[in-house]
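K.L.:
Questions regarding the structure given below will be posed in turn.
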Amino acid sequence: MTEYINQGSKDTRSGFGDGLTELGRTNPNVVALCADLIGSLKMNKFIKENPERFFQVGIAEANMIGIAAGLTIGGKIPFTGTFANFSTGRVYDQIRQSIAYSDKNVKICASHAGITLGEDGATHQILEDIGLMKMLPGMTVINTCDYNQTKAATIAIAEFDGPVYLRFGRPSVANFTALDQKFEVGKGILLQEGKDVTIVATGHLVWEALEAAKILHEQGISAEVINIHTIKPLDEDIILKSVAKTESIVTAEEHNYLGGLGESIAGVLALNHPIPQEFVATKDTFGESGTPAQLMDKYGLNKDAVVSAVKKVIKRK
């Protein structure tokens with residue numbers, strides 16, 4: 001089986017910050033906006049190098065979205081930054097009307113997604129943002145798995161024409177993808193081949209899926225692992241090719257099972273290749289306060305949960 005090396009834990013929000021800094025040096029049309037969370041979004045270096053291309057909007061997220069939409073009319077490429085909860089739920093009307101409906105080239109960059117926001121609790125955690133964003137016509141939805149991939153995605157979406165929702169997180173997680181990777185919007189990545197079950201994961205759950213595959217390998221179960229970083233548009237081909245071989249699938253995400261990656265894949269399977277599916281996701285619930293590790297364990301978003309789901313789905317084949 002393929003062995004992936006943890007190059008050292010890093011937070012994905014720093015991947016965004018470093019990617020934005022690089023864009024500041026290479027793309028003069030990139031501008032950044034923030035809703036009073038510069039440090040949390042790691043925007044400091046971009047601001048230091050490009051003070052005239054940064055707009056501090058304050059705690060006025062709806063206004064930030066409107067300003068970003070307006071900036072596109074002059075040919076700018078705005079990157080907005082705040083927590084995922086405030087990037088979506090608080091400003092859904094403004095995103096729908098001013099960005100999605102108007103097809104504005106705004107990059108909505110959302111940190112502190114999911115329950116790994118941690119101690120700030122349920123009011124700041126969001127587990128429904130992928131569903132909100134993927135339902136908007138024309139919105140591209142990206143959920144990266146580590147520092148390197150987040151940096152690469154941040155740089156890539158500047159060249160992508162159209163509205164994008166880029167989701168990343170607060171905690172330090174395994175950094176295991178290639179430093180020099182080319183990020184392709186809408187293209188899933190086959191991380192490991194297998195024959196008994198397909199595991200499709202996104203975001204923080206990709207590393208957990210790889211760790212689960214190691215455990216399963218030791219138990220004689222061959223798992224194919226796919227990293228779906230772009231939830232919309234979904235790479236249906238890579239999924240259908242895999243399940244044609246394995247005839248079972250587990251989806252894993254730090255999001256509500258309603259509206260997330262697993263639901264999108266279930267729709268693809270229903271139309272093309274109905275097979276048993278198990279979901280590793282939160283089960284229609286809000287989060288709570290706790291450390292990221294405690295919450296991932298409590299809500300069943302870890303390698304052990306993936307292993308358990310695999311064993312369950314294989315029995316259903």
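The values are calculated or read from the model by the stated rules, or taken from the named source; none is laboratory data. Note that the structure is a prediction, hence the values are computed from the model and not measured. Methodologically, a virtual Cβ is constructed for each residue, glycine included, from the backbone with ideal geometry; neighbour enumeration extends over all protein chains shown.
K.L.:
Farther than 16 Å from L205 by Cβ, among the β-branched types (V, I, T) and modelled with pLDDT of 95 or more, is that true of V280?
P.N.:
no
K.L.:
May I pose another question? Among the residues of the stretch 202-225, count how many are among the β-branched types (V, I, T), in contact with a Leu (Cβ under 8 Å, 6 or more places away or on another chain) and surrounded by fewer than 24 Cβ atoms within 10 Å (Cβ to Cβ).
P.N.:
We begin by selecting, within the stretch 202-225, every residue among the β-branched types (V, I, T); these are 202, 206, 215, 221, 225.
Next, only the ones that are in contact with a Leu (Cβ under 8 Å, 6 or more places away or on another chain) stay: 202, 206, 225.
Still in the running and surrounded by fewer than 24 Cβ atoms within 10 Å (Cβ to Cβ): none.
Qualifying residue count for the region: 0.
K.L.:
Name the residues in the stretch 35-67 that are touching a Cys at 6+ places or on another chain (Cβ under 8 Å) and either assigned to a helix (DSSP H, G or I) or free of Cβ contacts under 8 Å to residues at least 24 places away in the same chain (or both), would you?
P.N.:
Correct list: F54, Q56, M64.
K.L.:
Find the residue count for the stretch 299-317, including only residues that are out of contact with any His (no Cβ under 8 Å at 6 or more places or on another chain), over 15 Å from I249 (Cα atoms) and not in a helix (DSSP H, G or I).
P.N.:
Total satisfying the criteria: 3.
K.L.:
Among what's in the stretch 68-91 and is modelled with pLDDT of 95 or more and assigned to a loop (DSSP other than H, G, I, E, B), pick the residue that is nearest to G114 (Cα to Cα).
P.N.:
Restricting to residues being modelled with pLDDT of 95 or more and assigned to a loop (DSSP other than H, G, I, E, B), the top hit is K76.
K.L.:
Next question. Count, please, the residues in the stretch 269-304 that happen to be small (G, A, S), out of contact with any Asp or Glu (no Cβ under 7 Å at 6 or more places or on another chain) and under 16 Å from E208 (Cβ atoms).
P.N.:
2
K.L.:
Check the stretch 284-293 and report whether any residue there is in contact with a strand residue (DSSP E or B) (Cβ under 8 Å, 6 or more places away or on another chain), outside any loop (DSSP other than H, G, I, E, B) and at pLDDT 95 or above.
P.N.:
No, the stretch 284-293 contains no residue that is in contact with a strand residue (DSSP E or B) (Cβ under 8 Å, 6 or more places away or on another chain), outside any loop (DSSP other than H, G, I, E, B) and at pLDDT 95 or above.
K.L.:
Let me ask something else. Tell me which residues, restricted to the stretch 106-159, are in a loop (DSSP other than H, G, I, E, B) and either crowded, with 24+ Cβ neighbours inside 10 Å or outside the structural domain of K42 (by TED's automatic domain parsing) (or both).
P.N.:
V106, H112, A113, G114, Q125, I126, L127, T144, C145, D146
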